[in-house]
There are 2 protein chains.
Amino acid sequence: MAPVKNGRYLFNEIPSGYPIPGQTTVYDESETIDLDTVPLNGGALVKLLVVSIDPYLRGRMRRAEAKSYNEPFKIGEPLMNWGVGLVLRSDSSSVKAGDHVYGYFKFQQYEIVDATRVLVLENKEGLPWSAYVGVAGMPGQTAYHAWKEFAEAKKGDTVFVTTGAGVVGATVVQLAKADGLKVIASAGSDDKVEFMKSIGVDVPFNYKTTKTAEVLEKEGPINVYWDNVGGESFEAAIEYAAKGARFIECGMISGYNTSEVYQVKNLMKIVTKQLHIHGFIVTDLMPKYNPEFYSSFVGRIGRGEIAYKEHLLVGLERAGEGILDVQSGRNFGKCVIVVGEDKA
Amino acid sequence: MAPVKNGRYLFNEIPSGYPIPGQTTVYDESETIDLDTVPLNGGALVKLLVVSIDPYLRGRMRRAEAKSYNEPFKIGEPLMNWGVGLVLRSDSSSVKAGDHVYGYFKFQQYEIVDATRVLVLENKEGLPWSAYVGVAGMPGQTAYHAWKEFAEAKKGDTVFVTTGAGVVGATVVQLAKADGLKVIASAGSDDKVEFMKSIGVDVPFNYKTTKTAEVLEKEGPINVYWDNVGGESFEAAIEYAAKGARFIECGMISGYNTSEVYQVKNLMKIVTKQLHIHGFIVTDLMPKYNPEFYSSFVGRIGRGEIAYKEHLLVGLERAGEGILDVQSGRNFGKCVIVVGEDKA
């Protein structure tokens, strides 16, 4: 067969504020690949079907010198994230042609991967592949693993969940309700508030029209805080925390796209309220919790017990649009790029 | 016997900055007491021998409406804190005349107390009574209990201890060295740096002449942070924390006497470095750790294995001077007011 185009979505420029499609990132079709003859060197040729867009990607769009828990993206190279692909050919005994695999892929249509670093998805639950990068993938694991590790959930406790309509927040909400907690949750639009109500949030509110501090003053104090936001929300959570409250620090998106830093003025209350504040990166919790996540939680998703919403964009060239949607909160549901059709 | 004066040290006015002796607090000798005939109503008459001056007292000098973990002092009433007294008379079976008792006392020479709320000190170790409000009392418990609860100390770890020459900090230093850690510690004068060196601190420094961030950049990253200071020091500790570091938040004295709040700019690194930040109030840890503290740690003090320094001021009328010394860091060693002689 003749070579085909191998579209890639590249990191082009370090953003100072929001990442702009076509500037921060660009779509490129200059490369081709011969799917039949490209050497595999012991690996597997994977056709990318779906790839996830998550808030943390913004953190990899930084100067090469700036240290963090992950590597910065390289200018001129494809972005990367969790995705699901179809194995077209394999030199490895770990996977075979026709397998669907979950892994950390480049934003490109075809990639030769180390087959020992992907997970073959049996998908007995019959979920759409997009779910495996959302509620049944890294974001679902983020919610599940950290809730189990840090929440110390007790029936009758009150939890405040930020970005409660997002895939992580909505999963946390449902875990908290299952554990018998009163759930306060915020999101940035009225339809998201309606969705939060539909999944059992006791006190859903739109943080753009209602002050977080006022809601927490009335409905708190809170025993658990799930933070995706940071800044003013973090400050309000400290202010209305109960003694000994657990803070699960998943992200602080309010600070990702601005050089201004919100001044948190009540850090002393970490001492006086005896708070326990836990930052975490989900990859470090995966060895401990992935087995039960796949053996038990994914089944609950398959049986329809866990509600989730998706925001699908079709075409790898739309990755930048998805990234901006997620950074600005315009997406309603888990943002996933549908890259290719599920056929060889 | 004729009534005698019963000197009291009173809270007089809410301070806006540092508490000023004679203004924030005043000494009063207007009351008298007849030690032989005053009715005990089931309690015990205690002569106060020593009373502790601690940083947290500043937090009780606040408006009556401002909530915290403890009660605000009342204007016109004596201050209160941990002390040691001599029982002169007792109506209770819990204590008898001649007993030495540890408890939370009013700043006044003679007080009738609920005998069930004091601890009889046997003092087999022969320590000075002042030690029982310092290294062998609440401040020592602060260090011991929180270190055991939160440090997760591992040989080879590095800890940074602020106010490392103070009774809490110096006790933490010695616990950390016993656990095999490398210890970085800060204090505010060169003689305090010398003292820190003498108790085993590997990297002692004067934070007034050397930047904390520069020391931590060179000697870190740190696995444990003992915070008595907050603000800029807290920020530097975050910046140079190792992945998964434990922060023990004992106090943030840098903010106690100012309305200006230092802006901590790197809170997002709580997430990316997977930090665990624990606020605590020692009284809540006492039920769990006091038994082993008294049965084992106080013995180590008695055998001279734990070094400590005291800053003794003789006379209850000097309490305000001691309070200001502690808030401004002028004391070198545990500040204790010697109120009365150890005789009936």
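The values are calculated or read from the model by the stated rules, or taken from the named source; none is laboratory data. This structure is a prediction, so every number in the text was calculated from the model and none was measured. Because the Cβ atoms are built from the backbone with ideal geometry, glycine has one as well, and the counts that use them run over all protein chains shown. Ligands, DNA and RNA are stripped out before the accessible areas are found, and what is left, the full protein with its side chains, is counted by its heavy atoms. Shrake-Rupley method; radii C 1.70, N 1.55, O 1.52, S 1.80 Å.
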Quiz item: Hey, with R₀ at 25 Å, roughly what FRET efficiency would B:Thr32 and B:Asn70 work out to, going by the Cβ-Cβ distance, to 0.05?
Solution: 0.25
Exercise. Would you be so kind as to identify which of B:Asn257, A:His100, A:Gly320 lies farthest towards the positive end of the dipole of the protein assembly as shown, taking Lys and Arg as +1 and Asp and Glu as -1 on Cβ and the Cα centre as origin?
Key: A:His100
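If you wrap segment B:199-344's Cα atoms in a convex hull and average its projection over all directions, what's the area in nm²?
Average projection, Cα convex hull of segment B:199-344: 12.1 nm².
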Self-check item: GNM top mover of A:Ala241, A:Ala151, A:Ala185 - chain A, alpha-carbon springs below 10 Å
Solution: A:Ala151
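Counting only other chains, and only Cβ atoms inside 10 Å, what mean value do you get across the residues of A:29-38?
Whole-number average of other-chain Cβ neighbours for A:29-38 is 0.
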Practice problem: Could you work out, residue by residue across B:245-255, how many beta carbons of other chains sit within 10 Å of that residue's beta carbon, and then give the average as an integer? | Solution: 3
Self-check item: Backbone N within segment A:128-166 under 18 Å of label point (7 Å from A:Ser296 Cα along the Cβ vector)
Solution: A:136-137, A:140-155
Quiz item: Ballpark to the nearest 100 Å², how much total accessible area do A and B bury together, probe 1.4 Å?
Solution: 2500
Practice problem: For segment B:272-344 and segment A:117-161, write down the distance between their C-alpha centroids in whole Å. | Solution: 46
Self-check item: Hz values of 3J(HN,Hα) by residue in segment B:128-136 - Karplus curve (6.51, -1.76, 1.60), Gly and Pro given as x
Solution: x, 4, 4, 5, 6, 10, x, 4, 9
Quiz prompt | Förster radius 30 Å - calculated FRET efficiency between B:Met286 and A:Lys155, Cβ distance, rounded to 0.05 | solution = 0.60
Quiz item: Given the Cα atoms of the protein assembly as shown, and with Rh set as the inverse mean 1/r over their pairs in the Kirkwood sense, what is Rg to Rh to two decimals?
Solution: 1.07
Practice problem: Using only Cα atoms, tell me the angle between helix A:282-292 and the longest principal axis of chain A; keep it within 0 to 90° and round to the nearest 10. | Solution: 90
Exercise. Please give the average number of partner chain Cβ atoms lying within 10 Å of the Cβ of each residue in A:57-70, rounded to a whole number.
Key: 1
Quiz prompt | Tilt relative to chain A, helix A:167-178 - C-alpha long axis, 0 to 90 degrees, to 10 | solution = 50
Quiz item: Any idea what the B:Gly244 label distances to the other copies are, label 7 Å down the Cα→Cβ vector, nm, shortest first?
Solution: 2.6
Quiz prompt | Helix-only mean residue ellipticity at 222 nm for chain B, each DSSP H run of n ≥ 4 adding -39500 (n - 2.57), per residue, nearest 500 | solution = -7000 deg cm²/dmol
Quiz item: Using modelled backbone amide H atoms (1.01 Å from N, in-plane), which distant-in-sequence or interchain residues come within less than 5 Å of B:Asn12's amide H?
Solution: B:Thr25, B:Val26, B:Gly76
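Quick one: which of A:279-291, B:249-261 comes out on top by average Cβ neighbours within 10 Å, and what's the full order, highest first?
For the peptides A:279-291, B:249-261, the packing ranking is B:249-261, A:279-291.
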Quiz item: With Cβ to Cβ distances under 12 Å as the rule, what net charge do the other residues near A:Tyr294 carry (K, R +1; D, E -1)?
Solution: -1
Exercise. Mind ranking A:Thr37, B:Thr142 by accessible surface for me, highest first, 1.4 Å probe?
Key: A:Thr37, B:Thr142
Self-check item: Percentage relative contact order, chain A, counting C-alpha pairs under 8 Å, at least six apart
Solution: 20
Quiz item: A:Val161's amide H: which non-local residues (gap 5+, or another chain) put their own amide H closer than 5 Å, with H modeled 1.01 Å from N in plane and none for Pro or chain starts?
Solution: A:Ile184, A:Ala185, A:Ser186, A:Trp226
Quiz item: Dividing the Cα radius of gyration by the Kirkwood radius, what Rg/Rh value follows for segment B:138-283?
Solution: 0.93
Practice problem: Identify all lysines with a Cα-Cα distance to B:Lys124 below 28 Å; exclude those on the same chain that are fewer than 8 residues away in sequence. | Solution: B:Lys47, B:Lys96, B:Lys106, B:Lys148, B:Lys177, B:Lys288, B:Lys309, B:Lys334, B:Lys343
Quiz prompt | Paired Rg and Dmax values of chain B, which use every Cα atom, in angstrom | solution = 20.7, 70
